[in-house]
Amino acid sequence: MAVYRISELRVLNEAELEKKLEELNLALLEEGNENPKKNREIRKTIARILTLKNEKKKA
């Protein structure tokens, strides 16, 4: 599972962001407690996506 940068996420539309969010949530569930570093990166990327969705909603 790739970790996305904010610049990569800004060019996506709402539907694509939602799809990435679902993929990341699924990856987080599959990882479990096997790799804490990867889990942290996935959670950070989820937070980035949620922040972008919130910014787009307010704009």
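Values in this text are rule-based calculations from the coordinates and carry no lab data. Given the structure is predicted, the values throughout are model-derived calculations rather than measurements. Methodologically, a virtual Cβ is constructed for each residue, glycine included, from the backbone with ideal geometry; neighbour enumeration extends over all protein chains shown.
Summary table below
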{"item": "Using θ = phi - 60° and Karplus 6.51 cos²θ - 1.76 cosθ + 1.60, couplings along segment 3-12 (whole Hz; Gly, Pro as x)", "result": "9, 9, 7, 4, 5, 6, 7, 5, 7, 7"}
{"item": "Degrees separating the helix 14-31 axis from the principal Cα axis of the chain, which is the longest one", "result": "10 degrees"}
{"item": "Radius of gyration and maximum dimension Dmax of the chain, Cα, Å", "result": "11.6, 39"}
{"item": "Total lysine pairs under 22 Å (Cα atoms) in the chain, excluding pairs fewer than 8 apart on one chain", "result": "17"}
{"item": "Net charge, I6 excluded, C-beta distance under 11 Å - Lys, Arg +1, Asp, Glu -1", "result": "+2"}
